[in-house]
Amino acid sequence: SLLMIDVDHFKLYNDRYGHPAGDACLQAVARAAGTPLAMKRATDLLARYGGEELAVLLPDTPAAGAWAVAGEIQRAIAALQLPHSDSPVAPTVTVSIGTATLVPTPTGRPAELLAAADAALYAAKAMGRNRIVAHTAA
C-alpha cells in the first residue's frame, strides 16, 4: 500500500508565516507522521515526495491497514495544533491523504500504485481537504 499526504493550503501557510516557519511546519508534520503510533513496523517507510507532499510505503499491508495508518497519521498531525490562520479548512494545519493498495504481479508496474494513490489524494483535496480517500488499484 502507498499513502500520499499533502499539507492542506501550504502555500497560504508559507505566505502567512514565512519560509523558515514553513520548513519547521513540514519537519513537525513529518515527525508526527513517522511516530511509532502511526508507523508501527520497521519496513514502513516515510519520505518527502516533493514540496509539501509525503509518501508512506507500507509493504504487505492490505487496504484496511493502509486506511488505519492514514487515520493515525492524520490524528497525530491534528494533535500538533499548529496554527494556520489563513486556511479555509481549519484554524490549524491539516492534511489530505490518498491511499492505494496493489497486489504485485509479474507484469505490474510501481507507477500504477503511485498513480492510484495520487488520484485518491486529488479526490481528497477535491472533496474539501482534511480527508482520507482510498483507492484500490486494479
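Using only alpha carbon pairs under 8 Å that are at least six residues apart, calculate the relative contact order of segment 19-138 and give it in whole percent. Display every interim value, and only then the final one.
Working: 161 pairs, mean separation 25.2, N = 120.
Once normalised by length, the contact order is 21 percent.
Chymotrypsin sites (Phe, Trp or Tyr not before Pro), restricted to segment 1-88: which are DSSP loop and have at most 15 other Cβ atoms within 10 Å?
Filter output for segment 1-88: empty list.
Take peptides 29-36, 68-75 and line them up by average Cβ neighbours within 10 Å, highest first, as a rough protection proxy.
My ranking of the peptides, most packed first, is 68-75, 29-36.
Can you tell me the accessible area per residue over the chain, all protein chains present, probe 1.4 angstrom, in square angstrom?
Heavy-atom accessible area per residue stands at 52 Å².
By average Cβ neighbour count within 10 Å, what is the ranking of 78-88, 121-131 from highest down?
121-131, 78-88
Per the helix-only calculation at 222 nm, which mean residue ellipticity applies to the chain, given -39500 (n - 2.57) for every DSSP H run of n ≥ 4 and division by its residues, nearest 500 deg cm²/dmol?
Theoretical 222 nm ellipticity from helices: -13500 deg cm²/dmol.
Got a number for carbon plus sulfur as a percent of the chain's accessible area, 1.4 Å probe?
62
For the chain, restrict the atom set to alpha-carbon positions and state the Rg and Dmax in Å.
Reported Rg and Dmax, both Å: 14.6, 48.
Could you give the dipole magnitude of the chain about its Cα centre, charging the beta-carbon of Lys and Arg +1 and that of Asp and Glu -1, in debye to the nearest 20?
Result for the chain is approximately 180 debye, rounded to the nearest 20.
The values are calculated or read from the model by the stated rules, or taken from the named source; none is laboratory data. Computed from a prediction, not measured in an experiment: that's the story for all the values here. Note: ideal-geometry Cβ built from the backbone for every residue, glycine included; neighbour counts use all protein chains shown. We work out accessible area using only protein heavy atoms, side chains counted, and drop any ligands, DNA or RNA first. Shrake-Rupley method; radii C 1.70, N 1.55, O 1.52, S 1.80 Å.
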